[in-house]
Amino acid sequence: DAGVTQSPTHLIKTRGQQVTLRCSPKSGHDTVSWYQQALGQGPQFIFQYYEEEERQRGNFPDRFSGHQFPNYSSELNVNALLLGDSALYLCASSRDGAGGNTEAFFGQGTRLTVV
Amino acid sequence: QKEVEQNSGPLSVPEGAIASLNCTYSDRGSQSFFWYRQYSGKSPELIMSIYSNGDKEDGRFTAQLNKASQYVSLLIRDSQPSDSATYLCAVNPNEKLTFGTGTRLTIIP
């Protein structure tokens, strides 16, 4: 049973560029959430996708956008990259319908460095 | 007040002893609580979930929840060097995880 997979694992981009990160959820999961983790901090919620719609959004600017496909996989796009966007980007998948009592599993993350 | 608070540590515990990690949260409507373990440079790994007041045991790990005090803890018995990691407390008040900053745990051989 494949777990959550993310690609790429590492990425270096130049300030002002755009980046797309990808995530395939664990088998049987239909909900994908994205988190940003800066060094020494806990993961911060960016947004969550369910049924191909953005269901919730954290306190991130519109430069951060996403998409969910019919097979439940998801993309995170970041435009106009800033140095401060350098972080570990984590995708978590879960199964909807458990009233919040649902376990979320993380992929291995994408380490983004903006130079 | 932060939504989820943890002592950042570092917490040093001798091998074989009990490690005790604590977490408080601010949203009284929170219904589900999780502990994740994160090794340096890796992603968080779910080790415990708890939804009801009381204790939940899984192997060497015991999670404790007290909703009245808005307090969650994780006990690790017979600590091993492989338990050295950062432990993240997460709360799920509305379908999204809110994390603390994590407690760095070091097990001393």
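Here, each number is a calculation from the coordinates, and none is a lab measurement. Bear in mind that the values here come from a model prediction, so they are computed numbers and not experimental data. FYI the Cβ positions are ideal-geometry reconstructions off the backbone, even for glycines, and counts take in every protein chain you see.
Below, the figures for the structure above:
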read-out	value
Candidates per chymotrypsin sites (Phe, Trp or Tyr not before Pro) in segment B:1-50, loop by DSSP, up to 12 other Cβ within 10 Å	B:Tyr39
Centre separation in Å (Cα based) which lies between segment A:52-87 and segment B:29-75	28
Whole-number percent relative contact order across segment B:1-49, with pairs defined as alpha carbons under 8 Å at least 6 apart	31
Contact order relative to length of chain A, as percent, for alpha carbon pairs under 8 angstrom and 6 or more apart	36
Inter-part distance where segment A:7-44 and segment B:81-97 are each reduced to a Cα centre, Å	18
Mean separation of Cα contacts under 8 Å, 6 or more apart, over the residue count of chain B: relative contact order %	38
Alpha carbon Rg of segment B:6-109, scaled by the compact-globule rule 2.2 N^0.38 Å	1.01
Translational diffusion coefficient (Stokes-Einstein; Kirkwood radius from C-alpha pairs) of chain A at 20 °C, 1.002 mPa s, in µm²/s	152
For residues of B:42-51, the mean tally of beta carbons on other chains within 10 Å	5
